[in-house]
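Notes to accompany the following structure.
The values are calculated or read from the model by the stated rules, or taken from the named source; none is laboratory data. Since we're looking at a predicted model, the values are computed, not measured. With ideal geometry, Cβ positions are generated from the backbone for all residues, glycine too; neighbour counts draw on all protein chains shown. These accessible areas exclude ligands, DNA and RNA; they are computed on the full protein's heavy atoms, side chains included. Shrake-Rupley method; radii C 1.70, N 1.55, O 1.52, S 1.80 Å.
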Amino acid sequence: MSLPSHVTLVDVGPRDGLQNEKQPVPTEAKVELVRRLVAAGLREIEVTSFVSPKWVPQMADNAQVLAAVGRPPGVRLSVLVPNMKGLEAALAAPPGQRPDEVVVFGAASEAFSQRNINCSIAESLERFRPVVAAAHEVDLKVRAAISCALGCPYQGEVTPDEVERVVVGMKEIGVDHCGIADTIGVGTPRRVQAAMERALRHFPLVEVSGHFHDTYGQALANVYACLEMGIHTFDASVGGLGGCPYAKGATGNVATEDVLFMLRGLDIDTGIDLDAVVDAAAFISDVLGRKPVSRSANALLARRAAA
Ligand code: HMG
Ligand code: MG
């Protein structure tokens, strides 16, 4: 199969990227990051999560962030919601400031489900069912994220059968999109293809995406493995920010800049300006007081400094 000619990147930096930061990141900086991503040409951005502030304090300003980013034309903004309470909070914003999309997040591993959202996989699906129905009633798209699809920090190995079981469960409760997530970055290309193949048995190509953390340096290879299957939607995080508070030691998502550099070399269109994403990475890295993790951002910043 030839590679896709266009790829959609969902920048999850403002949510997945920042949720794990110990130091409080000012709301204005989160809003400015989203603004810069929009200016760079990102058309899908995960801006925050409506989860318990006791569990993830960094996302406690979710409503303020959502209100302040407004509704840039042509941009789809999404937020994570673990339950009805989260959905109701996301929808409490005035109609012009609501998200376009919500993300329910389950796991292919029982142990991770318990640690991350405090319930079993079966309970999580029952919790998501009314969320999906209520979101659809107000015309919100619902994406599902399936964590630990390539391995679990508590359980270890996760099989394609275990992934497919949750894919089927998500399909049955009516989600529109299935994201396969390698939460701890242990996946390698052939194993990623095996997991993706299970998602594609139940969702069309256009509604399957990959979410790869880069803990073991495999994320770009895994994106490429998905491209070989025709998959053309990926989550990525500006500056390579991120991690999950319930997956200790896991590093950030594959960096948006690194994916863009590879796609540019493959002549695959994204509509996104790599240099502007590097600027956004430099901005948020300054706020956090450290260099971007992204190889491409650092290389391009060094080239600029030398010019
Ligand atoms: P729980 O304690 O079982 O919930 O937590 P509960 O329903 O028993 O409620 C307990 C308290 O939380 C109550 O407050 C509720 O009101 C409150 P209290 O009476 O004690 O004051 N509460 C909420 N508050 C705000 N927003 C809500 C909400 N729900 C309940 N939505 C819960 C269950 C799911 C809420 C909790 O476990 C939680 O918030 N977990 C967050 C987990 C999380 O955000 N993880 C990181 C994101 S997932 C991720 O990063 C993976 C991903 O990137 C893909 C990948 O890489 O794998 C997506
Ligand atoms: Mg993640």
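Counting only DSSP beta bridges whose two residues both lie in the chain, roughly 5 percent are antiparallel. Can you tell me the dipole magnitude for segment 137-289 around its Cα centre, using point charges on the Cβ only (Lys, Arg +1; Asp, Glu -1), in Debye to the nearest 20? So the dipole magnitude of segment 137-289 works out to roughly 520 debye.
When you count the other C-beta atoms within 10 angstrom of each residue and take the mean per peptide, 36-47, 251-262, 1-12 line up highest first as 251-262, 36-47, 1-12.
Heavy-atom accessible surface of segment 8-306, averaged per residue, reaches 39 Å², computed with a 1.4 Å probe.
Taking the charge dipole of the chain about its Cα centre, with +1 at Lys and Arg Cβ atoms and -1 at Asp and Glu Cβ atoms, the residue from F203, V238, A60 reaching farthest to the positive side is A60. As a fraction of the 1.4 Å probe accessible area of the chain, surface on carbon and sulfur atoms comes out at 54 percent. Here the chain is treated with +1 on each Lys and Arg Cβ and -1 on each Asp and Glu Cβ, and its dipole about the Cα centre works out to around 500 debye. Put a plus charge on the Cβ of each Lys and Arg, a minus charge on the Cβ of each Asp and Glu, and nothing anywhere else: the dipole of segment 205-295 about its Cα centre is then about 460 debye. Total lysine pairs in the chain at Cα distances under 20 Å, for residues eight or more apart or on different chains: 10. Taking a ≥ b ≥ c as the square roots of the eigenvalues of the Cα gyration tensor, an a/c ratio below 1.5 marks the chain as rounded.
Isolated cysteines of the chain, defined as having no other cysteine beta carbon under 4.7 Å away, are C119, C178, C226, C244.
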